[in-house]
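Readers should treat all values here as calculations from the given coordinates under stated rules, not as data from a laboratory. What you see is a predicted model; the values in this text were computed from it and never measured. FYI the Cβ positions are ideal-geometry reconstructions off the backbone, even for glycines, and counts take in every protein chain you see.
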There are 2 protein chains.
Amino acid sequence: MLYIIAEDFIHPDKIQAVLPLYHELVELTQQEQGCLSYELTHDLKDEGHFLFLEKWETEVDLDHHISSEHFQRLVPEINTYTRLESRFTRMLSFKEME
Amino acid sequence: MLYIIAEDFIHPDKIQAVLPLYHELVELTQQEQGCLSYELTHDLKDEGHFLFLEKWETEVDLDHHISSEHFQRLVPEINTYTRLESRFTRMLSFKEME
């Protein structure tokens, strides 16, 4: 199982414009093969800082997500509202280190 | 529901020393009142960068966690192995913005 944190930094005055795009991305992604969890949150101390908390069964499932129609359509549009580059952290469970 | 990401930056050569402490902290915390999810992961691209992905029912539950015996005992000990200050991000679901 692969964990991903994907972070967007949206211009505060563009948040209302981006929410419907996020809503659609979350809805469609949660139905994807191998998507164990896909939750979008926002940082209480940094307006416009959105964090996707993702869990994927396999790397292949994640690749399919990235090449999906909705990702390829929505993410470029979302990125037109960003003030900083997005950040991605790939993680495994700490139990895999024991 | 409150989301927390708590990040530790452990010296790479101290990882084996800290794992048993993490193991105990995760085990005991997952049994706590209002702990909806408490997962410890490690960053695949930054050795020693550990990320706790947490979901708490209420702020009060989180406060109880921080004042719990195991937190007060284990976290100071874990912190003796860190190379950078820990980082905390508090989030809510993006649905609360819609």
(message) For a quick size check, give me the Cα extents of chain B along its three principal axes, largest first, whole Å.
(response) 44, 30, 19
(request) Just need the relative contact order of segment A:2-90 here, percent rounded to a whole number, with Cα pairs under 8 Å and 6+ apart. (result) 47 percent
(message) With bins 10 Å wide starting at 0, give me the P(r) of segment A:1-42 over every alpha carbon pair, in whole percents.
(response) 23, 53, 22, 3
(request) Note the angle between two axes, namely the Cα long axis of helix B:69-78 and the longest principal axis of the Cα atoms of chain B, as a number of degrees from 0 to 90, rounded to the nearest 10. (result) 40 degrees
(request) Return the subset of A:Lys95/B:Lys95; A:Lys14/B:Lys95; A:Lys14/B:Lys55; A:Lys14/A:Lys45; A:Lys55/B:Lys55 for which the Cα-Cα distance in this structure is over 20 Å, preserving the input order. (result) A:Lys95/B:Lys95; A:Lys14/B:Lys55
(request) Would you calculate a helix-derived [θ] at 222 nm for chain B, using -39,500 (n - 2.57) for each DSSP H run of n ≥ 4 and dividing by the full residue count, to the nearest 500? (result) -10500 deg cm²/dmol
(message) Which of B:His70, B:His49, B:His23 ends up with the largest GNM mean-square fluctuation for chain B, with Cα atoms connected below 10 Å?
(response) B:His23
(request) Work out the FRET efficiency for B:Lys14 and B:His64 from their Cβ-Cβ distance, taking R0 = 25 Å, and round it to the nearest 0.05. (result) 0.30
(message) Let me make sure I get this right: for segment B:43-98, a, b and c are the square roots of the gyration tensor eigenvalues over alpha carbons, sorted descending. Under 1.5 in a/c it's rounded, otherwise prolate if a/b > b/c, else oblate. Which is it?
(response) oblate
(message) If the elastic network links every pair of Cα atoms under 10 Å, which of A:Val18, A:Val60, A:Val26 fluctuates the most in the Gaussian network model of chain A?
(response) A:Val60
(request) Rounded to the nearest Å, what's the spacing between the alpha carbon centres of segment A:1-70 and segment B:48-98? Just the number, please. (result) 22 Å
(request) Pick out, in residue order, every one of the trypsin sites (Lys or Arg not before Pro) in segment A:14-74 that is DSSP loop and has at most 12 other C-beta atoms within 10 Å; say none if there are none. (result) A:Lys45
